[in-house]
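S.K.: Below is the structure I would like to discuss, written out as structure tokens.
The values are calculated or read from the model by the stated rules, or taken from the named source; none is laboratory data. Since this is a predicted model, take the numbers as computed values, not measurements. Cβ coordinates were reconstructed from backbone atoms using ideal geometry, including for glycine residues, and neighbour counts include every protein chain displayed. What goes into the accessible areas is simple: the full protein's heavy atoms, side chains included, and nothing from ligands, DNA or RNA. Shrake-Rupley method; radii C 1.70, N 1.55, O 1.52, S 1.80 Å.
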Amino acid sequence: MGDMKSFRDAVVAWAGSGRGDEGARERAVGLVGEVGVRGVVLVEGPSDVGAVEAFAGRLGRDLVGEGICVLAMGGAMGVGRFAGFLGPDGLGLRLTGLCDERERDYFERGWTRAGVVGSRDYFVCAADLEDELIRALGVERVIEIVREEGDLRPLETFLRQPAQRERTPQQQLRRFFGTTKGRKIHYGGVLVRGLEGERVPGPLARLFEVL
């Protein structure tokens, strides 16, 4: 019996490597029906996966139960391979996604390669999703969350570095989340859970409008 993780792993083994592992391809094809996959959300990395899944939880959505796979590609440059394999000219799954502004062209070309006609249901963050979340929450609230997570002292140490003096508070927080392995992934979900009311980043809200 397969599961969504098995499907995701098979897709990454096939499309992510660029080497065309036929065994992985066949596993992915078989798992579409076995797991009931109907759509894939393509994102760059695991912190984006954490944020999307956390927001689904806020909305009471069970993405796996709905047949939606949130898949980290390990970088946006490979989106053409993933979209071609998964989309209308491949496995025939519904494609959606989140990307950074600098990745927009990769996604545009990837959607074209996948044979997507009409609506391009990928949504663009101004800098990245962490930046969108910091702006939605506000710097003061983000610092409160950092304190609640027990990371205030590391943040204060980080902010004393000379390289941070010329950056805005928002830029400093973005850099802080990326300085230690696993921290960005952890805060992807934590920041989403800290959102209040309708203060939701536009790209994330629009993604869920079409899921």
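S.K.: Rounded to two decimal places and with Rh computed the Kirkwood way over Cα pairs, what is Rg over Rh for the chain?
M.R.: With Rh from the inverse mean 1/r over Cα pairs, Rg/Rh is 1.00.
S.K.: Let me ask something additional. Would you list ASP3, ASP121 from the most to the least accessible area, probe 1.4 Å?
M.R.: Most to least solvent-accessible, the answer reads ASP3, ASP121.
S.K.: Report the gain in length on full extension from GLN164 to ASP89: 0.36 nm times residue separation, minus Cα-Cα distance, nm rounded to one decimal.
M.R.: Length gained, GLN164 through ASP89: 22.3 nm.
S.K.: Restricting to Cα atoms and excluding each atom paired with itself, what does the Kirkwood estimate give for segment 163-211 in Å?
M.R.: In segment 163-211 this quantity evaluates to 12.7 Å.
S.K.: Now for a different question. Using only helices, what value at 222 nm comes out for the chain when you add -39,500 (n - 2.57) per DSSP H run of length 4 or more and divide by the total residues, to the nearest 500 deg cm²/dmol?
M.R.: For the chain, the value works out to -15000 deg cm²/dmol.
S.K.: Follow-up question, since we're still on this one. What number does segment 11-115 give for Rg over Rh if you use C-alpha atoms and the Kirkwood radius?
M.R.: 0.95
S.K.: Tell me the GluC sites (Glu not before Pro) within segment 114-152 that lie in a loop according to DSSP and have at most 12 other beta-carbon atoms within 10 Å.
M.R.: none
S.K.: In the Gaussian network model of the chain, springs joining C-alpha atoms below 10 Å, which of ALA127, ALA76, ALA163 carries the largest mean-square fluctuation?
M.R.: ALA163
S.K.: In whole angstrom, note down how far apart the Cα centers of segment 36-110 and segment 179-193 are.
M.R.: Going from one Cα centre to the other spans 19 Å.
S.K.: Rounded to the nearest whole Å², what accessible area per residue is found for segment 126-211 with the 1.4 Å probe?
M.R.: Per residue, segment 126-211 has an accessible area of 56 Å².
S.K.: I would also like to ask the following. For segment 82-122, list residues with backbone N below 16 Å from a point placed 7 Å from the Cα of VAL29 toward its Cβ?
M.R.: Label zone hits: 84-93.
S.K.: Shifting gears a bit: Could you tell me the extents of segment 137-200's C-alpha atoms along the three principal axes, largest first, rounded to whole Å?
M.R.: Over segment 137-200, Cα extents along the principal axes are 36, 22, 16 Å.
S.K.: Please report, in whole Å³, the volume per residue of the convex hull around the C-alpha atoms of segment 73-137.
M.R.: In segment 73-137, the Cα hull volume divided by residue count equals 83 Å³.
S.K.: Further, regarding this structure: Could you please put ASP105, ASP100 in sequence from largest to smallest accessible area, using a 1.4 Å probe?
M.R.: My answer, sorted largest first, is ASP105, ASP100.
S.K.: If you place +1 on the Cβ of every Lys and Arg and -1 on the Cβ of every Asp and Glu, how big does the dipole about the Cα centre of segment 1-83 come out, in debye to the nearest 20?
M.R.: Dipole of segment 1-83, to the nearest 20 debye: 120 debye.
S.K.: Could I ask something else about it? Which residues' amide hydrogens lie under 5 Å from the amide hydrogen of VAL70, considering only partners 5 or more residues apart or on another chain, with H built in the peptide plane?
M.R.: Excluding prolines and chain starts, which carry no amide H, the hits are VAL41.
S.K.: Could you check the spin-label model distance between GLU156 and GLU140? Points 7 Å from the Cα along Cα→Cβ, value in nm.
M.R.: Distance between label points: 1.9 nm.
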